Amino acid sequence: MPSILLQPPFFHLLAAALYVGLAVHFWRSRWHGAVLNQPASGLLGWERSLLGVALIAHGMTLGMEIFPDEGFQMRFGFAVALSLITWLAMTLYWFESFSSRMEGLQILGLPLATLCVLLPWLFPGQHMVSNTASLAFKLHFLVAMLAYSLFTLAVLHAVLMAFTEQHLHRGRLTPLFNGLPPLMKMEAILFRLINISFTLLTLTLFSGVVFSEQLFGKAFPINHKTIFAFLSWLIFGALIIGRYRYGWRGKKALRWTLAGFSTLLLAYIGSRFVIEIILGRPA
């Protein structure tokens, strides 16, 4: 294979091209024109296979971006973080598509994945993460990324629910929306995602305390990451309580979901964006 094919830009562009191609295909075959009046269908075999190839190419870009020197030291700036979170979310969607109908998420997730797979190439941050050999850090990192990715799926799912509810109130659902699960079931899926994500976020905060205690001798450092992560935890906790005690749903649940996710993004990605892009510092 020519050496150029082993360079990061090739895999960035390959994954982006596949994501864009699939997004255009799904728009034309599921969401646009006369197809709206045709019976909805799940992912076809070739569609799922092509999405799998895109995810493999995306994963290869992440490997080269996070471990640039073939060592154990990690480079993890805001662009790589967004790319990894989106990749995990789309990978979880890919596996979930075998057993559940999650139509609509692809038209929301694929444009996002296209943007995020290109970000590390366009903004190659140099922030190197230390102490990555620690078991506490590895567990903390894994749980945190899973929490972020599941919250991303929850947000996309909530937005899809809002579109569905809007069409329902207009009094006409196309076969595409009729092919989705009932709103009550979609709501149950949303809060299942939020409950799992909230549990992972709780574990993230707990493992962060352990990690900080082991390395720095301080269990709960007060900084912007801790504050925003804890605020996000409080928002999602309030949403879960509001759901099961007061029956929160619809637009209220969407607003709280978006508020919690936005706050969570500020915990790491927002701060890294300010440091790397606005201030122009690698660390």
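The listed residues are A81, A162, A133, and the only one of them that is at pLDDT 90 or above and either surrounded by fewer than 18 Cβ atoms within 10 Å (Cβ to Cβ) or not in a strand (DSSP E or B) (or both) turns out to be A81. Within segment 152-176, residues that are closer than 23 Å to T257 by Cβ and not assigned by TED's automatic domain parsing to the domain that holds I194 have Cβ atoms under 6 Å from residues that are surrounded by 13 or more Cβ atoms within 10 Å (Cβ to Cβ) and modelled with pLDDT under 85 in no pair, counting only partners at least 6 apart in sequence or on another chain. Cβ-Cβ contacts under 8 Å between residues 6 or more apart (or on different chains), taken from a first residue in segment 219-235 that is under 14 Å from S207 (Cβ atoms) to a second residue that is surrounded by 13 or more Cβ atoms within 10 Å (Cβ to Cβ) and at pLDDT 90 or above, are listed as A229/L201; A229/L264; W233/F198; W233/L201; W233/T202. State which residue is nearest to W233 (Cα to Cα) when the search covers only segment 253-270 and only residues that are of a type in the set (S, T, N, Q) and without any contact (Cβ under 8 Å) to a residue 60 or more places away in the chain. Within segment 253-270, the match that is nearest to W233 (Cα to Cα) is T263. Considering G109, G125, the condition of being of a type outside the set (F, W, Y), buried (at least 16 other Cβ atoms within 10 Å of the Cβ) and in a loop (DSSP other than H, G, I, E, B) is satisfied by G125 alone.
The values are calculated or read from the model by the stated rules, or taken from the named source; none is laboratory data. None of the values given here were measured: they were computed from a predicted structure. Positions of Cβ are generated from backbone atoms using ideal geometry, with glycine treated the same way; all protein chains shown enter the neighbour counts.
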